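These notes concern the structure reproduced below.
The values are calculated or read from the model by the stated rules, or taken from the named source; none is laboratory data. Keep in mind it's a predicted model, so treat the numbers as computed, not measured. Every residue, glycine among them, receives a Cβ derived from its backbone with ideal geometry; neighbour counts consider all protein chains shown. We work out accessible area using only protein heavy atoms, side chains counted, and drop any ligands, DNA or RNA first. Shrake-Rupley method; radii C 1.70, N 1.55, O 1.52, S 1.80 Å.
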Amino acid sequence: MFKSILVVLCAFLFCSISNAQEKVAKREVLSLDKGWRFHKGDIPYPVIKGHNETYRNAKAGRVSGAASTTYDDSSWRVLDLPHDWAIEGRVTPDANLSQGYYHRGFGWYRRKFRLSSEDKGKHIELQFDGIATHATIWVNGTVLHRNWCGYTSMYVDITPYATYGDNLNTVAVRVDADAQEGWWYEGAGIYRHTWLVKRSPLHIITDGVFANPVKRTDGQWKIPAEISLYNSGKLSAAGEVEVTLLAPDGTIVTTQTTGCTVGALKEEVASLKLVVSNPQLWSPDNPTLYKVKTVVRQNGTVTDETETKCGFRTVRFDKNTGFWLNDENIKIKGVCNHQDHAGVGVAVPDALWEFRLRKLKEMGVNAYRAAHNPMAKEFMAACDSMGIMVLDENRLFNTSPEYVRQLEWLVRRDRNCPSVILWSVFNEEPMQGSENGYEMVRRMYDVVKEMDSTRSITAAMNGGFFSEYNVSQGVDVGGFNYQIDNYDRFHEKNPDIPLTSSEDGSAFMVRGEYKTDKSRNIIDSYDSESAGWGATHRRAWKEVAERPWMAGCFYWTGFDYHGEPTPFEWPSVSSFFGIMDLCGFPKMAYYLHQAQWREDKPVLELVPHWNWPVDSIGKPIQVMALSNADKVRLLLNGKIISEQQVDPYEMNTWYVPYKPGKLEAIGYKDGKVVSRTKVETTKAPVCLQLTSYRNSLAGDGRDAMTVTVEALDAKGRHVPTTHNMIEFSITGPARIIGLGNGNPNCHEPEKGNKRSLFNGLAQVIIQATEGSGEVTLTAITPGMKQATLTIPVNQVAPVPFVPIENPPMMLDKWIASPLALDRPDVTCQIADNDMNSWQPVTVSTGRGLLLENANYIIFRTEFTPYLEYQKEGGAILFKNLAGKAEVWLNGQLLGAKEVLDERDFKVELPAVKDKCDLRVLLHAPINTHVGLKGSVMLQAK
Ligand code: GAL
């Protein structure tokens, strides 16, 4: 009497495959940053008991708990990514100092999104650019990715799991931010962008274009382009790949085409060669970028298309002469940095990369070491376009498959970047002076070289240099972290190994402080102290600058960072190493390096400020001039104190008996005045001032900028000794997303609307919302005139994004009884261990099920209503219900559909707290199609 429904289901499946029409559509890259639901803290997996539950829990698509498709997340906070929940909290002394005394822990994110029936047949990929620190990602109830590195992207092919139409897709991410991969602030959460990428079945894989120009020995350039294609279609696909080089002005330089055939579910590489004469070269001064446009066609129709930036430049490291860029011997003037910023932690808006790199460039930096991990791709793009060379560093030293995958990802993603001049496989690994370490590096070296033979590889060592086995034997360029006293010894013993400092300095300074007071965790800004293993700014540079075979330096660090608050602990919460503070406000070291590194403009700065208390009058104040002149003359209140020849390494120091007024410096070159500067004793502050370095924002919901707040005296002079608490308010299409003041000992929250000035300065970070209009930021403090800043927000097209859905509760996991000729017992028991009599069935496919020689079938689902419906009750809506139907809940009839034909049908759900057993008895004459052809959802009454 009962007949299997399998035959019918198989018939449908077969039919759809044989009729398969491969979808050809333009690539869509959509931001998935908006509208995530977030829960801070862990949600333990439910305890699974009983055969039925245990069996189901082990199946694809059937995960339980917060990762499941039907989990009730309606009470979770809604937010947009990038997000760092650690920085939203408060520092407390019981948390880890390395992580800046911020609390991390666990968190969950969920997002629903819709794919239309138009998307069916496309290749669908989710991309997470960075999650701190470990994460598990489920899509539609199946675990698809486990992330073991907080700095690598995850590209998750969800094509086989995707659902279309009303059946929304559910992404759930559990983040373990207790996991630590560094000894600096790492943040917590999905802190980089997320994307949904739709492509044709035959497409270029993510990061699948390798088009790095190489100079040939005959002086011509070639681009040996390798295009990695994947075919997610059901049939083998033949097509052609066209690669076109576009000049900076958009004109076509050259183009090549080749054929390709990619089997179903196979990857192939199409290789083409472009030859180019006399391109414009890329360099820090002229960061000229070209574009490689890659088009894939099938039967003349474009199936995929992408543009990749690249640059023409040569780089090489020489054992005697150091670094060469475009056959010019230049010194690397680099800084190391972590990736956080004041107020935002690691969730740094793209626009802030540009802000930070501008500051560095202005200082004379030409290189950046991404310490000690891959950076966001937007950061890499900014280095390419702004002309900052990058020492691109891998995070974890491990040669097992997962970690090799991470290294390969990094090289694949960044190998077209002209900015990348050197790969680093590790930083300071204890095994660096051992055979094990050497063996590991040898393998990592091989992995990198296989993918990019054009660049040198280093490893940043802080020891083991003279061991019988050490990793310098396994790389192209020896990387020295500190160990200045070993530079010469190593070079003598290893004259064939090119060398660079990969890290040096680690001197301490607190911005705007000029008296060390260890009882208050303050270190002066005269470059007087460094970590025991490091050197002052001046020594670190001198030791590199005077050795032609040292390719350059990477100063630790350009900016202060949260965590690792050396040389102090609590109450210090962030580092003291920065040339700039956490906000990017310059310390004295900024002008020192600027004087040493910028040859293209006169530099002259004086420290300290000239606002000393009355009891300092007559006492000597240490004064330093930072300049690139030949000679500096110092004057106090118009009277010459003295002139000094400039020492380009040490700079110039005077001890000047304090007298309020004006301290002036004049710089001379070849006897001529080339620069002037002054510091003046100011009056008391009377008003606030807000300044921005940009005069508009783009209304795309992402653009952001820093705004400086300071106090001025009646003559409009900056007062460097103010510490007032400032309150901010904002109106118009922008919001405040972070606050800072650069004080490493400050515990004020970095979110909110209040921040004290520290030595005269604080920073507000504002981010545009979508739209246009005028933003007004106001700063107030008692006793001073308030400041307002008005910034226009311009209408721009937002980054295309995946719309936010507020779905009802979808009931999409059903089983179906065998077919029956006679009316079965709708409330019949199904044995807990019987996994076979009833079969899982996919609903909402738009197709019905044939009652072959039968009249009845029962569909069944189990669910616990969302809290809202538990309290209020709701309605169950069956879309396109075909056949007569009875709807039963927990053994009670809720309603009946008396007509055969397909239509929407709704029954009321009473307020029920517990798990519900919902059954639909469908009946119709023999050999009729019935079924839950549309989606089934629980919604408000
Ligand atoms: C180095 C290390 C950096 C930082 C620095 C502080 O040894 O590579 O990450 O800790 O010391 O001086």
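List of remarks:
- Neighbour net charge for residue 548 - beta-carbon separation under 11 angstrom, K R +1, D E -1: +1
- Solvent-accessible heavy-atom area per residue, rounded to whole Å², over the range 612-680 at 1.4 Å: 53
- Net length available on complete extension from residue 776 to residue 439 is 115.4 nm, with 0.36 nm assigned per residue and the Cα-Cα distance removed.
- 15 Å beta-carbon shell around residue 37, net charge (K/R +1, D/E -1): +1
- Among the trypsin sites (Lys or Arg not before Pro) in the range 702-795, those placed in a DSSP loop whose Cβ has at most 11 other Cβ atoms within 10 Å are 715.
- Estimated inter-spin distance, residue 405 and residue 911, nm [label 7 Å along Cα→Cβ]: 4.8
- Of the residues 421, 480, 588, the one whose Cα sits farthest toward the positive end of the charge dipole of the chain, with +1 on the Cβ of Lys and Arg and -1 on the Cβ of Asp and Glu, is 588.
- Three-way shape call for the range 555-681 based on the alpha-carbon gyration tensor, with the a/c threshold at 1.5: oblate
- FRET E, pair residue 49, residue 896, Förster distance 56 Å, beta-carbon r, rounded to 0.05: 0.95
- Spin-label pair residue 862/residue 691, simplified geometry with 7 Å Cα→Cβ offset, distance in nm: 6.7
- The C-alpha atoms of the chain define a longest principal axis, and helix 377-386 lies at about 40 degrees to it.
- For residue 747 and residue 319, the FRET efficiency from 1/(1 + (r/R0)^6), where r spans their Cβ atoms and R0 equals 60 Å, is about 0.75.
- Whole-Hz ³J(HN,Hα) from phi, Karplus 6.51 cos²θ - 1.76 cosθ + 1.60, for the range 653-665, glycine and proline x: 10, 10, 10, 10, x, 6, 8, x, x, 10, 9, 10, 10
- Cα long-axis angle, helix 435-451 against the chain (0 to 90 degrees, to the nearest 10): 70
- Note on exposure: 391, 289 ranked by accessible area (1.4 Å probe, complete protein assembly) read 289, 391, with the most exposed listed first.
- When 456, 200 are compared by accessible area of protein heavy atoms, the largest-first order is 456, 200, using a 1.4 Å probe.
- Cα-based helix-to-principal-axis angle, 588-597 vs the chain, degrees rounded to 10: 80
- Nitroxide proxy distance, nm - points 7 Å out along Cα→Cβ at residue 531 and residue 831: 6.7
- Backbone N under 14 Å from the residue 358 label point (7 Å along Cα→Cβ), restricted to the range 688-709: 691-698, 703-708
- Comparing 220, 244, 264 along the charge dipole axis of the range 121-270, the residue lying farthest to the positive side is 264, per the Cβ-charge model.
- In a simple Cβ point-charge model (Lys, Arg +1; Asp, Glu -1; nothing else charged), the range 31-195 has a dipole of about 500 debye relative to its Cα centre.
- The Cβ shell under 12 Å around residue 764 holds other residues with a net charge of +1, Lys and Arg each +1, Asp and Glu each -1.
- Subtracting the Cα-Cα distance of residue 217 and residue 275 from their residue separation scaled by 0.36 nm leaves 19.6 nm.
- When each of the peptides 29-40, 553-564, 649-660 is scored by how many other beta carbons lie within 10 Å of its residues on average, the order from highest to lowest is 553-564, 29-40, 649-660.
- For residue 810, the accessible surface of its heavy atoms amounts to roughly 20 Å² (probe 1.4 Å, protein chains only, rounded to the nearest 10).
- With every protein chain in place, the chain: carbon and sulfur % of accessible area (1.4 Å): 49
- For the chain, the residue among 152, 574, 82 whose Cα projects farthest onto the positive side of the dipole built from Cβ charges is 82.
- Burial order of peptide ranges 760-769, 358-367, 483-492 (average beta-carbon count within 10 Å, highest first): 760-769, 358-367, 483-492
- Treating r as the C-beta distance of residue 729 and residue 615 and R0 as 45 Å, the FRET efficiency rounds to 0.70.
- The residues of the range 809-939 present an accessible area of 44 Å² per residue when probed at 1.4 Å with all protein chains retained.
- Rounded to the nearest 20 debye, the dipole magnitude of the chain is 1480 debye, with +1 charges on Lys and Arg beta carbons, -1 on Asp and Glu beta carbons, and the Cα centre as origin.
- Heavy-atom accessible area per residue - the range 423-505, 1.4 Å, Å²: 38
- Take residue 670: with every protein chain present and a 1.4 Å probe, its accessible area is about 130 Å².
- Taking every protein chain into account, the 1.4 Å probe leaves residue 587 with about 0 Å² of accessible area, to the nearest ten.
- If you sort the three axes of the alpha carbon gyration tensor as a ≥ b ≥ c, you get a/c of 1.5 or more for the range 301-346 and a/b no higher than b/c, which makes it oblate.
- About its Cα centre, the range 612-680 has a charge dipole of approximately 260 debye under the convention of +1 per Lys or Arg Cβ and -1 per Asp or Glu Cβ, with nothing else charged.
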